[in-house]
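The values are calculated or read from the model by the stated rules, or taken from the named source; none is laboratory data. This is a predicted model, so every value here is computed, not measured. With ideal geometry, Cβ positions are generated from the backbone for all residues, glycine too; neighbour counts draw on all protein chains shown. Just the protein is used for accessible areas: all its heavy atoms, side chains included, with ligands, DNA and RNA removed. Shrake-Rupley method; radii C 1.70, N 1.55, O 1.52, S 1.80 Å.
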Amino acid sequence: LTVFPRIGFGGDLADPGIRNLLSQGQVGELASTYVQLRRTYLTVGTNGATIGTGFFLPANPNAFVTDYVGSGAYSNYHGLQAEIRKRLSNGFYYQANYTWSKAFTDSEQSQAEFAGLLDLTLGDVLEKKRLSQDVRHVFKANGVYELPFGPGRRFINGGGALGRVLGGWQVSGLFQARTGRPISFISGRGTVNRAGRSGKNTASSTLTIDQLRGLTGLFFNPTTGRPQLFDPSLVAADGRANPQFLTHPLAGQFGNLSLTPAYGPGYWNIDAALIKRTKISETTNLELRFEAFNLTNHTNFSVSEDNDINSTDFGKITSTFDPRILQFAIKFNF
């Protein structure tokens, strides 16, 4: 309150836009507004102003936004990997592996991108997150079985038309199951830094991390029956986050939730193939392939990492991975 009288027009507190930023606690964005309109609000001697841009930009009053692009980011990965494998014998082969891991970073972007830090003084405390591709548990298994019929096999081990029809069949499959990818609860308000640098400003919550994880995954709207990422109790009647559990940080504060504290829905899938190879000569064969991707047509839901508590679509799931895909192919190998 001692600052506004020193700004041009007394801070223009009757302006609806400025009043809205004040009511939302967006002091960072409010300071940004004054600095961008410095000729009106922060020119000493003009419109009653007694302070200049240096009040809000102490490092350099002439530079509103200065970006430094460097290679100071980090990432790390820790994992446990285990595998069991059976080599091909009697026409049968299989392999199964399991990975338990965690990956962290403070800046997930390519060389062609730039994302400013939310706060230069706190740094990693606010920016540290799990990689968007981080998956805690992954299990994969694949196998191949050559049916025991036809020339050189246990049954109908002979040539002729019957051997050509029944021989050369092979069945294969691939199974994958994994836990969900990490998600964040975002406020996005410029309560400390300006709004353009606050895309990763998290929400605040009255729930513990374990409670929040228990309310995140795959749920269904009790009215529409449509899938959603959060338990219905986390969603208000207007479609936004329930303010009883998820709120905006106060003026001058960041959200108390870390980035990526919870997990999205898990994923599992089965692919399979039926292959028939018919020998034509010593160096040529005809191959028929029938392949099914997502054999069971199981619905796997895709969700984004950032979930804005202001959105009226908070928690709605609107995207899925591919449904069942069937394909048939004929190949002549030589």
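Return the sequence-ordered ³J(HN,Hα) values of region 19-30 in whole Hz as given by the Karplus equation 6.51 cos²θ - 1.76 cosθ + 1.60 applied to θ = phi - 60°, using x for Gly and Pro.
5, 5, 5, 5, 5, 8, x, 8, 5, x, 5, 5
Between beta-carbons, use under 14 Å as the cut-off and find the net charge around T224, counting Lys and Arg +1, Asp and Glu -1.
In short, +1.
In Å and from the alpha-carbon atoms only, list the Rg and Dmax of the chain.
Spelled out, the Cα radius of gyration and Dmax of the chain are 29.7, 104 Å.
How large is the helix-only mean residue ellipticity at 222 nm for the chain, computed as the sum of -39500 (n - 2.57) over DSSP H runs with n ≥ 4, divided by its residue count, in deg cm²/dmol to the nearest 500?
Working: 6 runs with 39 residues, N = 334.
My calculation for the chain gives -3000 deg cm²/dmol from helical runs alone.
So for region 212-283, averaging the separation of alpha carbon pairs under 8 Å that are six or more residues apart and normalising by length, what relative contact order in percent results?
Over region 212-283, the number comes to 28 percent.
How high is the relative contact order of the chain, given as a whole-number percent (alpha carbon pairs under 8 Å, six or more residues apart)?
15 percent
Quick one: Kirkwood hydrodynamic radius for region 1-121, alpha-carbon pairs, angstrom, one decimal?
Result for region 1-121 stands at 19.4 Å.
Within region 257-295, which GluC sites (Glu not before Pro) sit in a loop by DSSP and count at most 16 neighbouring Cβ atoms inside 10 Å?
Those that pass, being in a loop and sparsely packed, are E282.
What nm value, rounded to one decimal, do you get for the distance between S110 and H78 when each label is placed 7 Å out toward the C-beta?
Placing both labels 7 Å along Cα→Cβ, they lie 3.1 nm apart.
Please give the net charge around T53, taking every other residue with its beta carbon less than 13 angstrom from that of T53, where Lys and Arg add +1 and Asp and Glu add -1.
+3
Using the Cβ atoms and a cut-off under 14 Å, what net charge is assigned to the surroundings of Y263, where Lys and Arg are +1 and Asp and Glu are -1?
Around Y263, the surrounding residues sum to +3.
Using 20 Å as the cut-off for backbone N distance, which residues of region 285-329 belong to the label zone defined by a point 7 Å from the Cα of R226 along Cα→Cβ?
Answer for region 285-329: 299-323.
Report the accessible area of W268, computed with a 1.4 Å probe over the heavy atoms of all protein chains in place, in Å² rounded to the nearest 10.
My reading of the accessible area for W268 is about 90 Å².
Output the pairs from K102/K128; K128/K316; K140/K200; K200/K316; K86/K279 with a Cα-Cα distance over 22 Å in this structure; if there are none, say none.
Cα-Cα > 22 Å for K128/K316; K140/K200; K86/K279; rest within.
Within region 1-94, list the chymotrypsin sites (Phe, Trp or Tyr not before Pro) lying in a DSSP loop whose Cβ has at most 14 other Cβ atoms in a 10 Å radius.
F64, Y68, Y74
Putting +1 on Lys and Arg Cβ atoms and -1 on Asp and Glu Cβ atoms, find which of F114, Y93, V125 reaches farthest to the positive end of the dipole of region 82-134.
Y93
Taking one equal scatterer on every alpha-carbon of region 136-284, how large is log10 of I(q)/I(0) by Debye at q = 0.09, 0.17, 0.18 1/Å?
For region 136-284 at q = 0.09, 0.17, 0.18 Å⁻¹, log10 I(q)/I(0) is -0.54, -1.01, -1.07.
How much accessible area per residue does region 92-185 have, in Å², with a 1.4 Å probe?
Counting only protein heavy atoms, the per-residue value for region 92-185 is 56 Å².
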